[in-house]
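Participant: Before anything else, here's the structure in question.
Quick note: the coordinates plus some simple rules give every number you see, no bench work behind them. This structure is a prediction, so every number in the text was calculated from the model and none was measured. A quick note on method: Cβ atoms are made from the backbone with ideal geometry, for glycine too, and the neighbour counts reach across all protein chains shown.
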Amino acid sequence: MSLAVGVRPTGRLGAARRRRGGPFAPFANRQYRLFSIATLISGTALSVQSLTRVWLVQEQTHSPFLVAVAAALTALPMLLFGFLGGALSDRFDRRLITIAVESASFAGAAVLAFLVATGSVTTWQIMAFSFVHGTAAALSSPSKQTLLADLVPSRQQRGAIGLNMVVGNLAGIAGPAVGAFLITRFGTSESMIAGAAIAIVALPFYALVRGDAPRRRGRATGRVLKNLVKGVKFVVADPALRWLLLVGVTLLITLSSRGAVYPSLVQDVLKGGAGALGILELVGGLGAVAGPMLAVAVFNRFPDRMVEVISGFSFAASVAALAFSPWFPLTALLAGLSTFAGTIFFVTNMTAFQLSAPEEFRGRVVSVRFVSWGLQPVGTLTLGALAESAGPQFALLTFAAGGALIFGALVLLFRPSRVRAATAATAVSR
C-alpha cells in the first residue's frame, strides 16, 4: 500500500508504519499475531488430518502409487480452482473468504472422522475427502496470502510473508508429531477426530482479525474470467515473474514430490512404522522452520536470485543423498536438510513473486503461483508409479537428478532483467 507524499499515515496501520522495522517487526502488530495463531492452529489440524489419511491409505493398500494418488488429490484442486480463489481475493473480503472456507473444511474433516471412527471408511472415501480439503485450500490460500498485505505496512511485507511460512511450518512440526503419537498410542480414528477438533479452534481467531481494506480493490470488479486473464497477462508481461514461476514449478514437481514416497520408504525399506514416519516428518518440519527463519533474518540482505540458485541446488543434492541412505537416522537428517534448503528457496521465490504485483492485481498474480502448485500431482503420481515399479530409493534419485538438470538449464539459459511493476501493469491494461 503506498501513501501520497506529505500525507500522515492513518487507519489501523498508521502507528505500525511509523514504528521501526526489522525482520520480526510484523509480530508487534496485534492483527498479524491473531492471524499467525489462527494459521498455526489450522495448519496443525490439517497436518494431523493429512498424515492420518496417508497412513490409512498405506494400511489399507500398501501401494506407494495409491498413497501418491491421495497426496495428488489434495494438490490437484489448486490447479483447477486456484485462479478462482485469486479472483475472489481481489473482489471480496479476504477475511470472510477465509472464515467461510475454513468452516467448510472443518465440516468435511468431521464427516471423515465419523466414518473412520465407525470403521466404515473406504479408500475411495479417503481419496474424495483429500480432494475436498485440497479444494478448500485452493479457494482460501490466495486470500490468506494476500491478507498479509492488509495487516502490515508495505516495508514489513517481506518479513510478514517469510514469518507466515515459519508459522505454517511450525504447524508442520506439531501436526505430524500429534498425529503419529495418536495413531501409535490410540489409533487412526482418534487421530482423525483430534484433527477435526483442532480445526474448529482456529475459527474464532480468524474472526477476530481486522485489516485495512485495500484502496484499489474496486479494479477487480467485472467478469471473473476477464479478471483472471488480467492476472495471467501481468505475469506473462514480466520476464522476472516468468523465470520465478518456471524455476518454482520445476522444483515443486520434482524435489517437492519426495514426501509421496516417505510412507513406502519408511515401511518397506527402513522397516519402520507410523512413529518413524512421524519422526521423519518432524525432523523435516524443523528444517522447514529454520529455513524461512534464516531467509527472513539473513538472506533477505542478498539478491533473491542468488539465494534461489544456491538453495535450489542444495535442495537437489540433499534429496539425491536421501535416496542413497540405508539408515533411518541418516534419512531423517537428510530429510531435515532437504526441507531446510527447499523452504529457503520457496520462501524467497514466493516473496519475490508476491511483492512484484501491485495491490489491484495481487490476488490474481499470487493465484498464478498457487495454481502452479496444482501441477505437483504430475510429479507426485509419476514418482509414486516409479517407486511402485523400481522402489522408492531409485525414484527419489531419478527425480533429484532430473530436477537439478532442469533447474540448472533455467539458471544458465534465462537471465531475466527486472521489469518494474508499473511497466507490467501498463502492458496488462492494453
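Participant: Apply the Karplus parameterisation 6.51 cos²θ - 1.76 cosθ + 1.60, with θ equal to phi minus 60°, to every residue of region 239-256 and state each ³J(HN,Hα) to the nearest whole Hz, in sequence, with x for glycine and proline.
Facilitator: For region 239-256, the Karplus-derived couplings read x, 5, 5, 4, 5, 4, 5, 5, 5, x, 5, 4, 6, 5, 5, 8, 6, 6 Hz, x marking Gly and Pro.
Participant: Which order, highest average first, do 241-252, 256-267 follow once you tally other Cβ atoms within 10 Å for each residue and take the mean per peptide?
Facilitator: Ranked from most to least packed, the peptides come out as 256-267, 241-252.
Participant: Rank by packing, highest mean first: peptides 335-341, 166-172, 58-64, 44-50, with packing defined as the count of other Cβ atoms within 10 Å averaged across residues.
Facilitator: Per-residue mean Cβ counts within 10 Å order the peptides as 44-50, 335-341, 166-172, 58-64.
Participant: Continuing with the same structure: Quickly rank 132-144, 116-128 as a protection proxy: mean count of other C-beta atoms within 10 Å, highest first.
Facilitator: 132-144, 116-128
Participant: Using the 10 angstrom Cβ neighbour count as an exposure proxy, how do Arg185, Arg30 rank, fewest first?
Facilitator: Arg185, Arg30
Participant: Sort out for me the Cα centre separation of region 249-303 from region 305-358, rounded to whole Å.
Facilitator: About 8 Å separates the Cα centre of region 249-303 from the one of region 305-358.
Participant: If you don't mind, there's one more thing I want to ask. Ranked by Cβ crowding within 10 angstrom, fewest neighbours first, how are Asp238, Asp90 ordered?
Facilitator: The fewest-first ordering by Cβ neighbours comes to Asp238, Asp90.
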